[in-house]
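Encoded as structure tokens, the structure appears first; notes follow it.
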Amino acid sequence: MNINVRKPIVRQYELIEKVKRCDPHTNEDLVNRAYVFCMKVHGQQLHASGDPYFYHPLEVANILADMRLDHYSIITALLHNAIEDSLTTYEEIEKLFGFEIAQLVDGVTKLSKLELQFTSILQVENFRKLILAMSNDIRILLVKLADRVHSMRTLCFVQNEGKRKWMAKETLEIYAPLASRIGITKFRDALQNYAFEHLYPSEHAMVMEKLANVPYSQQMIENINNDLTKVLCEGGLKTQVFGREKTPYSIWRKMQQRSITFEQLSDLMAFRVIVDDLQSCYRALGQIHNSYVMIPGRFKDYISAPKANGYQSLHTTLIGPYHQKIEAQIRTRTMHEVCELGVAAHWHYKQRDNDDESVSQYDGSQYSWVRNLLEILEQADTPDEFLEHTKLEMFNNQVFCFTPKGDVISLPKGACVLDFAYAIHGEVGNHTSDAKINGEQVPLLTTLCNGDQIEIITSEQQCPSLIWERYVVTSKAKAQVRKFMRSQKRDQFVKLGHTILHKALLEVGCVYDSQILAKNIKNTSYNSVEDFLIAVGEGVLRVDEAVKYF
């Protein structure tokens with residue numbers, strides 16, 4: 001594994017200049033104070049690599065600065081480990097840096113404390129939703145993802161193999177899909193490849209060795225770039241063309257999905273064609289198809305039908321220059337930045353007032369899952385105003401809670417302890433007598449919050465109450481309570497019917513015999529002796545009629 005991890009390439013003044021270039025309203029003094037505070041609280045701590053620990057938050061800040069985020073995000077990155085890894089308190093952060101930054105740091109701290117037991121695909125998906133739900137400000141998630149990217153860069157220094165494997169698995173199953181969900185391709189690719197290297201080292205080594213021995217060189221990629229550029233220029237198009245190999249993880253995953261060998265892969269190279277505007281995308285597509293042989297069935301139009309995370313591009317596979325099978329992805333500069341930066345790209349667009357495309361062509365409406373939270377884009381004049389309203393609302397109607405073993409259970413907003421108990425099992429719900437939330441005993445009708453850990457205590461003597469149905473909100477809980485009540489009522493009518501019938505039979509000199517009764521009601525509408533007794537107990541069947549069956 002590669003252990004040559006570089007030292008931080010950004011100094012204090014360089015970081016500030018980088019942020020100021022993208023956010024002219026940067027509070028330079030606040031960033032300076034956060035930098036100094038970071039060095040102070042982590043001063044004596046060392047990273048697993050042997051470097052000073054404060055390199056880590058500085059690297060995270062630098063990653064976010066490269067994404068052109070606001071200075072609040074950069075400060076949060078510098079402070080994101082302060083509460084968890086030092087004696088610093090929330091109150092101290094709030095006093096020194098203000099409420100907003102304290103809230104952001106607190107949000108990242110809470111996410112860092114979450115743990116997941118990998119029990120099923122459903123649990124993994126619920127955990128992703130929990131992270132999103134707890135990231136009530138999207139900057140919390142962006143800082144957490146940048147934190148994970150740098151942690152994966154240095155994972156090779158962690159001595160405990162089990163911990164390395166666990167972190168790589170968590171990264172591949174949780175954080176890489178989250179990065180993809182909000183459209184940050186560069187994060188997704190980095191996280192997948194780092195995790196691939198640690199989880200499947202032999203497979204990773206095989207793919208890397210095969211890539212090193214493929215029959216084309218960097219010079220061939222450059223030659224294909226030049227050929228594509230020439231073809232497009234002849235069509236009167238101003239373009240930029242970038243060529244690259246597909247990532248090791250994406251290559252390996254395609255091999256697994258299609259059950260093919262590396263040698264059977266024929267589209268290891270992908271080329272991105274960047275044009276000025278939307279119309280030029282389709283013009284470029286036509287020019288390319290006129291010049292090269294298109295592979296049938298391999299064209300996708302993600303411009304007219306964007307992906308859920310806002311990704312837009314035209315994809316086509318060709319027999320290109322030098323008879324190489326290549327994939328071409330055609331998009332505008334704006335689309336390209338969204339592909340690389342996802343939701344984070346919006347901060348950059350709002351500062352490019354002279355870019356007509358960023359204002360009129362890309363207002364965020366294609367993000368169906370964030371349309372509500374990004375509605376401020378139509379009205380905000382500054383990045384700060386936009387950021388103030390950037391809330392992740394896609395799961396605002398759900399809460400995600402933990403069992404003591406770490407399983408995540410998703411419930412509707414407003415759900416109470418009893419809903420949680422019934423979500424585990426119907427019998428657990430029916431016999432719930434007490435409960436603890438985060439270690440504290442609470443009433444059974446207590447409303448749950450995101451991230452709560454609930455311990456259910458049961459008793460055989462406990463049974464549902466009629467009042468429960470009024471307070472539970474899940475259909476499963478309501479159905480279970482009603483079922484129990486019907487069963488309880490049925491038992492009561494059976495006992496009452498038996499008492500009434502036994503007394504009536506004694507008065508006429510007969511003895512109750514269930515076997516005789518079962519034989520005599522075979523051809524009647526009563527399916528069982530129990531149904532017969534219930535009819536008597538409810539008064540549906542008169543007693544003088546009932547005694548005739550004996």
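Quick check on LYS483: is it on the phi < 0 side of the Ramachandran plot, of a type outside the set (Val, Ile, Thr), under 55 Å from the mean Cα position of the chain (by Cα) and outside any helix (DSSP H, G or I)?
On the way: on the phi < 0 side of the Ramachandran plot: yes; of a type outside the set (Val, Ile, Thr): yes; under 55 Å from the mean Cα position of the chain (by Cα): yes; outside any helix (DSSP H, G or I): no.
When the stated conditions are applied, LYS483 does not pass them.
Would you say LEU228 is aliphatic (A, V, I, L, M), more than 23 Å from ALA168 (Cβ to Cβ) and surrounded by 14 or more Cβ atoms within 10 Å (Cβ to Cβ)?
Working: aliphatic (A, V, I, L, M): yes; more than 23 Å from ALA168 (Cβ to Cβ): yes; surrounded by 14 or more Cβ atoms within 10 Å (Cβ to Cβ): yes.
Against the criterion (aliphatic (A, V, I, L, M), more than 23 Å from ALA168 (Cβ to Cβ) and surrounded by 14 or more Cβ atoms within 10 Å (Cβ to Cβ)), LEU228 qualifies.
Among the residues of the range 257-291, which ones are modelled with pLDDT under 85 and of a type in the set (Lys, Arg)?
Residue satisfying the conditions is ARG258 alone.
Exactly one of (1) closer than 24 Å to LYS169 by Cβ; (2) without any contact (Cβ under 8 Å) to a residue 12 or more places away in the chain; (3) among the β-branched types (Val, Ile, Thr) is unmet by THR185. Its number?
Result: THR185 passes all but (2).
Please verify whether VAL547 is touching a helix residue (DSSP H, G or I) at 6+ places or on another chain (Cβ under 6 Å) and at pLDDT 85 or above, treating the condition exactly as stated.
Criteria not met by VAL547.
Does ALA195 satisfy the condition of being modelled with pLDDT under 90 and buried (at least 22 other Cβ atoms within 10 Å of the Cβ)?
On the way: modelled with pLDDT under 90: no; buried (at least 22 other Cβ atoms within 10 Å of the Cβ): yes.
Criteria not met by ALA195.
Residues of the range 496-537 being surrounded by fewer than 13 Cβ atoms within 10 Å (Cβ to Cβ) and either touching a residue at least 12 places away in the same chain (Cβ under 8 Å) or not in a helix (DSSP H, G or I) (or both), which ones?
If the condition is that a residue be surrounded by fewer than 13 Cβ atoms within 10 Å (Cβ to Cβ) and either touching a residue at least 12 places away in the same chain (Cβ under 8 Å) or not in a helix (DSSP H, G or I) (or both), then VAL508, GLY509, VAL511, ASP513, SER514, LYS522, ASN523, THR524, SER525, ASN527, SER528 are the ones that fit.
Give the residues of the range 312-328 that are outside any strand (DSSP E or B) and at pLDDT 85 or above, sorted by residue number.
Just the residues of the range 312-328 that are outside any strand (DSSP E or B), to begin with: 312-313, 320-324.
Within the range 312-328, GLN312, SER313 qualify.
So for the range 250-268 (the condition being closer than 18 Å to LYS186 by Cα, in contact with a strand residue (DSSP E or B) (Cβ under 9 Å, 6 or more places away or on another chain) and small (Gly, Ala, Ser)), does at least one residue qualify?
no
Count, please, the residues in the range 211-256 that happen to be outside any loop (DSSP other than H, G, I, E, B), farther than 30 Å from GLN279 by Cβ and modelled with pLDDT under 85.
So the count comes out to 6.
Inspect all residues belonging to the range 468-476 and state whether any of them is at pLDDT 90 or above, surrounded by 15 or more Cβ atoms within 10 Å (Cβ to Cβ) and out of contact with any strand residue (DSSP E or B) (no Cβ under 8 Å at 6 or more places or on another chain).
yes
Looking at (1) surrounded by 15 or more Cβ atoms within 10 Å (Cβ to Cβ); (2) over 30 Å from ILE174 (Cα atoms); (3) of a type in the set (Lys, Arg), can you tell me which one ARG21 breaks?
The one condition ARG21 does not meet is (1).
Residue by residue through the range 242-263, note down the ones that are within 17 Å of GLU340 (Cβ to Cβ) and among the basic types (Lys, Arg).
Within the range 242-263, ARG244, LYS246 qualify.
Out of all the residues in the range 183-192, which are modelled with pLDDT of 90 or more and either touching a Phe, Trp or Tyr at 6+ places or on another chain (Cβ under 7 Å) or not in a helix (DSSP H, G or I) (or both)? Give the steps one after another, and end with the answer.
Residues of the range 183-192 that are modelled with pLDDT of 90 or more, as a first pass: 187-192.
Listed by number, the residues that qualify are LEU191, GLN192.
Select from the range 53-80 the residues that are of a type outside the set (A, V, I, L, M, F, W, C) and either free of Cβ contacts under 8 Å to residues at least 60 places away in the same chain or under 15 Å from PRO24 (Cα atoms) (or both) and list them in ascending order. Break it down stepwise before answering.
So in the range 53-80, the residues of a type outside the set (A, V, I, L, M, F, W, C) come out as 53, 55-57, 59, 62, 66, 68, 70-73, 76, 80.
The answer is TYR53, TYR55, PRO57, ASN62, ASP66, ARG68, ASP70, HIS71, TYR72, SER73.
Name every residue in the range 66-102 that is modelled with pLDDT under 90, part of a helix (DSSP H, G or I) and out of contact with any Ser or Thr (no Cβ under 9 Å at 6 or more places or on another chain), in order of residue number.
If the condition is that a residue be modelled with pLDDT under 90, part of a helix (DSSP H, G or I) and out of contact with any Ser or Thr (no Cβ under 9 Å at 6 or more places or on another chain), then ASP66, ASP85 are the ones that fit.
The values are calculated or read from the model by the stated rules, or taken from the named source; none is laboratory data. Since the structure is predicted, the reported quantities are computational estimates derived from the model, not experimental observations. FYI the Cβ positions are ideal-geometry reconstructions off the backbone, even for glycines, and counts take in every protein chain you see.
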